[in-house]
Amino acid sequence: MPCGNVSSGGVNQGVYVFQTTYENKSPTVVNEGPYDLSVNESYCSGHCTPNFHQRVANGELIPYTGWVQTQETGSEYGSYAVTYDPPGTLNRTVHTRAPWGSYGLRTDVNPTYWYIGQRGASRYLSGADFRPYVQKAAAKIYTEGGHDTLTFLGELGKTKQMLLKTADNMLRLATKTKVTKDFLSTPGKWLEARYGWRPLVYDLQDLNGAVNTLVKPRKLRHRASSGTTENDSNITTWSGEMSSSYWTKTVTDTVTIGIRGSVAADIKPPIFRLNPFVTGWELVPYSFVVDWVWDVGSYIEAMAFLTIAQKYTAAGGLKITVDREFDWQLANFKTYFSGSWNVRASSHFEGVYRFPTTVGLRPYTNVRLDAFKVTDMLLLALQRVGLRR
């Protein structure tokens, strides 16, 4: 874990080469000089817990601490071609590999445009919310190694009906008798598999795990985490004109953000859960659809976690990766002077952040849609339309 504030690296200097080409003459190097070529820097800041390993070995629950660690690498490369033909002189074309220009000209490009830094990364982190995942991590601990017995009993009637109907249709198939209409319904079979058979299998697995827990020593310390990964991209373009030139600058960012919630607690989760609030919510029609936007189920379980946890610590984490591509172009036209400039740069930024927090006391918006859930929504809508006919 980083301690204090530590920075390293910075801007490395390169050398530009300025070449002049005359008619019928070979190129010659006429000037060299320094320019900003690359950036390689890192930063870390955090708090070290005294005697951390010894205290953990003694069984102490060490609170999460905050820390930040970032690193960025980047480089730029520039070139331009200039035709300089003042009256009474030979026409000559100038080529250079200097992002800072030469021959009395400046490309007006510096790392400010392609350097990302913590300030540049923060614009993408502003919408990242780890609080729902801290709640979900707490809910995981509450349900670890146990069985939701009350909900299982509450849904036993539907489970029995599903099993009998399936057995009846399988018998009809075996005897070549016409099966029921809903047995051949694709939406019905898909939804039954997703929200009937699959939960039943999980329930039986949890029940088996709960029974095994009865004969095993139970630990007091539990840890859990939950999270997701989001991808984003952004293209920003500036352009303008001057009296004898025009320019365009383009910045393209490709962003990956990891969001994570972590909880560690001293707690004894119930082996056979009899939580009427959890069961009541599970029995509400289409409650699982609401959970795709507001995870009420995890919220209720997280609140139950808080009522029985002896001690806990929680933290939210963010990990961001930004890849930036910068392109700058300028064209200049004068009476005896014309040219084009191009500067390209790329930068790679990585940042990891951890924030101590607590389990929130209200449900949070957390839209979680994927291809399966979108399919479920469409089939639910089709099923509802079919029921109304």
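The values are calculated or read from the model by the stated rules, or taken from the named source; none is laboratory data. Please read these numbers as outputs of a predicted model, since none were measured by experiment. Virtual Cβ from ideal backbone geometry, glycine too; neighbours counted across all protein chains shown.
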* Mind listing whichever residues of region 125-150 are among the hydroxyl-bearing types (Ser, Thr, Tyr), over 16 Å from Tyr299 (Cβ atoms) and not in a loop (DSSP other than H, G, I, E, B)? => Thr149
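Tell me, please, whether a residue that is of a type in the set (Gly, Ala, Ser), modelled with pLDDT of 85 or more and not in a loop (DSSP other than H, G, I, E, B) can be found in region 48-68. Break it down into steps so the answer makes sense when it comes.
Kept after step one, since they are of a type in the set (Gly, Ala, Ser), are these residues of region 48-68: 57, 59, 66.
Still in the running and modelled with pLDDT of 85 or more: 57, 59, 66.
Okay, now just the ones that are also not in a loop (DSSP other than H, G, I, E, B), so 57.
There is at least one residue in region 48-68 that is of a type in the set (Gly, Ala, Ser), modelled with pLDDT of 85 or more and not in a loop (DSSP other than H, G, I, E, B).
Phe305: buried (at least 21 other Cβ atoms within 10 Å of the Cβ), more than 30 Å from Arg123 (Cβ to Cβ) and not aliphatic (A, V, I, L, M), yes or no? Before you say what the answer is, go through the steps one by one.
On the way: buried (at least 21 other Cβ atoms within 10 Å of the Cβ): yes; more than 30 Å from Arg123 (Cβ to Cβ): yes; not aliphatic (A, V, I, L, M): yes.
Here the answer is yes, as Phe305 does meet what is asked.
Go through the residues of region 114-131 one by one and say whether even a single one is within 30 Å of Leu274 (Cβ to Cβ), out of contact with any Lys or Arg (no Cβ under 6 Å at 6 or more places or on another chain) and either modelled with pLDDT of 60 or more or among the aromatic types (Phe, Trp, Tyr) (or both). Don't jump to the end; show me each part of the working.
Our first condition is that a residue be within 30 Å of Leu274 (Cβ to Cβ); within region 114-131, this holds for 131.
Pick out the ones that are also out of contact with any Lys or Arg (no Cβ under 6 Å at 6 or more places or on another chain) and you get 131.
Applying the additional criterion that residues be either modelled with pLDDT of 60 or more or among the aromatic types (Phe, Trp, Tyr) (or both) yields 131.
Yes, there is a match, as at least one residue in region 114-131 is within 30 Å of Leu274 (Cβ to Cβ), out of contact with any Lys or Arg (no Cβ under 6 Å at 6 or more places or on another chain) and either modelled with pLDDT of 60 or more or among the aromatic types (Phe, Trp, Tyr) (or both).
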* Asked: Just wondering, is there one or more residues in region 201-215 that are farther than 30 Å from Ala315 by Cα, at pLDDT below 70 and of a type in the set (Val, Ile, Thr)?
  -> no
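Give the residues of region 268-286 that are assigned to a strand (DSSP E or B) and either surrounded by fewer than 21 Cβ atoms within 10 Å (Cβ to Cβ) or of a type in the set (Phe, Trp, Tyr) (or both), sorted by residue number.
First, pick out the residues of region 268-286 that are assigned to a strand (DSSP E or B): 272-273.
Within region 268-286, just Phe272 meets the criteria.
Among the residues of region 346-385, write down those that are free of Cβ contacts under 8 Å to residues at least 40 places away in the same chain and of a type in the set (Asp, Glu). It would help to see each step written out before you state the result.
Narrowing region 346-385 to residues free of Cβ contacts under 8 Å to residues at least 40 places away in the same chain: 370-371, 374, 378, 381, 384-385.
Asp370, the sole residue that qualifies.
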* Structure fact -> Residue pairs within 9 Å by beta carbon, gap of at least six or interchain, first lying in region 29-51 and more than 30 Å from Leu61 (Cβ to Cβ) and surrounded by 12 or more Cβ atoms within 10 Å (Cβ to Cβ), second at pLDDT 80 or above and charged (D, E, K, R), listed first then second, are Val39/Glu72; Asn40/Glu72; Glu41/Glu72; Ser42/Glu72
* Structure fact -> Checked against (1) within 24 Å of Gly360 (Cβ to Cβ); (2) touching a residue at least 12 places away in the same chain (Cβ under 8 Å), Leu214 satisfies every condition except (1)
* To do: Determine if region 287-302 includes at least one residue that is within 17 Å of Gly360 (Cβ to Cβ), modelled with pLDDT of 95 or more and in a strand (DSSP E or B).
  => no
* Asked: Would region 362-384 turn up any residue that is surrounded by 17 or more Cβ atoms within 10 Å (Cβ to Cβ), aliphatic (A, V, I, L, M) and at pLDDT 85 or above?
  -> no
* Does Glu325 satisfy the condition of being at pLDDT below 95 and not hydrophobic (A, V, I, L, M, F, W, C)? -> yes
